[in-house]
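Worksheet: the structure to be examined is printed underneath.
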Amino acid sequence: KGADADAMGGQLERLCARHRQGKALACVGVAMAPVPSKGSVLLPACSLALAYCGRVTGRPLPVVQALALLDLLDAHDWEATGNNRNPSGRKDGIQVDGSFSLGLGTSRLPPAAAACPGGVLAGSAPFSTPCTFREGVGLQRGEAVRKRYSALWAAAMALLASVDAEYVPTSIGFNRNFRGSPHRDEKDSGPQVATALSAALRGGRGYEGGALRVYGPHGAVDVDTQNSWCRFDGRYRHEVMPFNALAGKGKGKGEQLEGVRYSVIYYQLSPPFAVDMGTVLPPGS
């Protein structure tokens, strides 16, 4: 009712607008499902081709590990690392104030390397492993950059180990105020672990809104990842909903850091195996 209904109505209008622009597979009417209670992991049934399935909240982050990473992100020189998601600042590109990744990276292989099925690259080639599950794509280890920001990598991995120790990423993406930008991470080889840190973790001003919206096979799900986390598959279309800094005086390390949304995304660019050797018999057996 009231403001909540108006907000949902606006979200649903956006979904139908995307259909008119050819950005949705089908639209036979949109079902507005009730929002699950806080902490619920059960989503309402979504029977239509394009539906709003509700809003859920990720699992809370451990404060000690999350604060350690938040402090490093506040102190980080975002101008130095630039914006690898939209380096030219295109208005129709990914909208983010600053973005960089550590770990494996990808790029198109030169034709000669891409044509080699065994993937033996010249010693001078910048990409050490051909990513043959994705035609024409190579993987770069990025060791030098990861070592340069080893404290950030270590803090991010410590946070991941405390919430999802079984997940093994090849890469970690760090973003400052990622917003909107519907996209798919088509080079991924598996699901992602996503979180978003804000000054609310230390008693400062967080932000309002900013849910991760994922367009799954049954409809759109909004996940509140502010100082919480979830697993999701970035190969489905997804975006960050609008957000604003919460009003009031906070206790952060400076007004310029209040209301900032830092998203940290753990992802996989290489499958864990081509053949699972644990499922085959050794030679001669």
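The values are calculated or read from the model by the stated rules, or taken from the named source; none is laboratory data. The shown structure was predicted, so the numbers you read here are calculated from the model rather than taken from an experiment. Virtual Cβ from ideal backbone geometry, glycine too; neighbours counted across all protein chains shown. SASA here: full protein model, heavy atoms, side chains in, ligands and nucleic acids out. Shrake-Rupley method; radii C 1.70, N 1.55, O 1.52, S 1.80 Å.
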### Message
Among (1) open to solvent by 10 Å² or more (accessible area, probe 1.4 Å); (2) acidic (Asp, Glu); (3) at pLDDT 95 or above, there is one condition ASP222 misses while meeting the rest; what is its number?
### Response
(1)
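Per-residue answers, yes or no, for (1) under 23 Å from GLY98 (Cα atoms); (2) touching a residue at least 60 places away in the same chain (Cβ under 8 Å):
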{"position": "ARG134", "(1), (2)": "no, no"}
{"position": "LYS147", "(1), (2)": "yes, no"}
{"position": "LEU152", "(1), (2)": "yes, yes"}
{"position": "VAL168", "(1), (2)": "no, yes"}
{"position": "PHE174", "(1), (2)": "yes, yes"}
{"position": "ARG179", "(1), (2)": "yes, yes"}
{"position": "ARG184", "(1), (2)": "yes, no"}
{"position": "GLY190", "(1), (2)": "no, yes"}
{"position": "ALA194", "(1), (2)": "yes, yes"}
### Task
State whether one or more residues within the range 209-218 are more than 17 Å from ARG184 (Cβ to Cβ), charged (D, E, K, R), buried (at least 18 other Cβ atoms within 10 Å of the Cβ) and out of contact with any Ser or Thr (no Cβ under 8 Å at 6 or more places or on another chain).
no
